[in-house]
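The block underneath contains the structure these notes are about, expressed in C-alpha cells.
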Amino acid sequence: MNTYLVHYSLYIVSKIKILLMCVIMELQQNLLDYISHSLLATNETISVAESVTSGLLQFSFSQMQNASLFYKGGMTAYSIDEKVKILNIDRKEAEECDGVSQSIADKMALQIAKLFSTDWSIAVTGFVMPIRSSGYNLFSFFSIAYKNEVILSKKIELHHKTQAINAQLYYAEFILGCFKSELNQISILK
C-alpha cells in the first residue's frame, strides 16, 4: 500500500508540473505576442547577441508571429574568441573578466545592431554554473539598445545552486520581460 501511495504521489506531482508548464508557456506566449505586435506596429527590427543563454532569445524571437518581418537574426558567441572576432570585443577587456561584464554586454548589443542594421538589439553574457572566475556565483549582464544607444543595462543574480537550464530560461524570460517594458516606454514617448 505504501508503494501505491508513493507512485500515486509521484503521478500527481508530475501532473502538477505539466499543468504549471502549460501555464508558464501561456504566459510566455502572451509576452511573445505582445513583443511581436509592438514591433510590427512600429515597423521596427531587432537582432540578438547571446552568450550565456545559448540561443534561447533567438529561439523565442523565431517563435513570434510574423517574426520574419521584424527579427533580422542573431548569433551566439559563447567563447571570448568569438566575441572578439565577430562582435569586436576588446580581447584584453574580455580576458580580464572571462568575457562577462556590463561593458561587454553593452558593446555586444551595439555591435549586433550594426551587423544586422536593426533598430533594437539585445545582448547577454554571464555564467550558468558557479566557477572560479564568477566567484562561484551565477549572474548575467544584459543590455538593450535602441537606435544605436544602450537604453537598459542590468545585472541578473541567481542563487548559486540554480540548475544551468533553469538559469538560462530565467535569464531569457527576464530579459524578454524587460524588453517588453522598454517597448512600452518608447511607445508612450512617441
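The relative contact order of region 29-189 comes to 23 percent, based on Cα pairs under 8 Å that sit 6 or more residues apart.
About the centre of its Cα atoms, region 29-189 shows a dipole size close to 80 debye [charges on the beta carbon of Lys, Arg (+1) and Asp, Glu (-1) only; nearest 20 debye]. With 26 Å as the limit on Cα-Cα distance, the pairs of Lys72/Lys161; Lys92/Lys161; Lys85/Lys161; Lys92/Lys180; Lys114/Lys154; Lys147/Lys180 that go past it are Lys72/Lys161; Lys92/Lys161; Lys85/Lys161; Lys92/Lys180. Per-residue Cβ neighbour counts within 10 Å put Met129, Met64 in the sequence Met129, Met64, beginning with the fewest. Shape of region 97-190 from the C-alpha gyration tensor: prolate (a/c of 1.5 or more and a/b above b/c, with a ≥ b ≥ c the square roots of its eigenvalues). In terms of surrounding Cβ atoms within a 10 Å radius of their Cβ, Ile131, Ile156, Ile144 rank from fewest to most as Ile131, Ile156, Ile144. As a proxy for reagent exposure, Asp119, Asp98, Asp33 were ordered by neighbouring Cβ count within 10 angstrom, fewest first; the result is Asp33, Asp98, Asp119. For region 29-189, what does the alpha-carbon gyration tensor say about shape, rounded, prolate or oblate, given a ≥ b ≥ c as the root eigenvalues, a/c under 1.5 as rounded, and a/b over b/c as prolate? Judged from the Cα gyration tensor, region 29-189 comes out prolate (a/c at least 1.5, a/b above b/c).
Throughout, read-outs are computed from the coordinates displayed, never taken from laboratory work. Predicted, not measured: the structure shown is a model, and the values here were computed from it. For neighbour counting, all protein chains shown are included, and Cβ atoms are generated from backbone atoms with ideal geometry for every residue, glycine included.
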